[in-house]
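Worksheet: the structure to be examined is printed underneath.
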Amino acid sequence: MIDDTMTEAELKMVAAVDHTRAEFAKIRTGRANPALITDLPVEYYGTPTPLQQVAGVSVPEPRMLLVSPYDASALKAIERAIAGSDLGLNPSNDGRVIRVVFPELTEERRREFVKLAKERAEDGRVSVRNIRRSAKTEIGRLRDQGEITEDDERRADKALQEITDRYVGEIDGLVANKEKELLEV
């Protein structure tokens, strides 16, 4: 019973770390990253559709994205979606593809992105801690029902804390790397 609870908690913690990593990918650095725009909603035949479903995105140069629509009629809608996003990007349309050039980040904008990264990291840590709390409650319930002993509960709590510390540490490492990447000029 304890093993099942621990395994489930660890799987959820892995998912929380992966989600945090995906959130970091959406935070802009000086380099072009397709993850920044692939989830943007594009008005495609009256339906908001993620950009990745209506166009291919490639990185021909370190500070440029090339968006190639699968359907040429979606070109204007894609351009509007990118321009209307809060990323501060200015797409240029040549009739077949859209080029998105990433301007250099100012020091102030870099600091804002570092702050945003730290907020996302804290969200990830809170998520991991909530998973720990849920697993701890389940272990306590098992003890209350007499399915495990108090010693088993103490050992499980200690193991659960070690797992939690490992994943919180992983998130801390991710945010440190992202901060270094953002402040790199």
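The values are calculated or read from the model by the stated rules, or taken from the named source; none is laboratory data. Keep in mind that this is a model prediction, so the values were computed, not measured. No Cβ is skipped: glycine too gets one built from the backbone with ideal geometry, and neighbour counts run over all protein chains shown.
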| query | Name the residues in the stretch 65-76 that are closer than 17 Å to Gly88 by Cα and either in a helix (DSSP H, G or I) or more than 21 Å from the chain's Cα centre (by Cα) (or both), would you? | reply | Leu66, Val67
| Which of the residues belonging to the stretch 33-52 are closer than 20 Å to Arg80 by Cβ and either of a type in the set (A, V, I, L, M) or in contact (Cβ under 8 Å) with a residue 24 or more places away in the chain (or both)? | Pro34, Leu36, Ile37, Leu40, Pro41, Val42, Glu43, Tyr44, Leu51
| note | Condition set within 19 Å of the chain's Cα centre (by Cα) and among the hydroxyl-bearing types (Ser, Thr, Tyr), scope the stretch 83-130, selection surrounded by the most Cβ atoms within 10 Å (Cβ to Cβ): answer is Ser127
| said: So for the stretch 24-38 (the condition being closer than 26 Å to Leu183 by Cβ, in a helix (DSSP H, G or I), under 20 Å from the mean Cα position of the chain (by Cα) and at pLDDT 90 or above), does at least one residue qualify? | reply: no
| Residues within the stretch 59-86 that are touching a Leu at 6+ places or on another chain (Cβ under 6 Å) and modelled with pLDDT under 85, tallied | 1
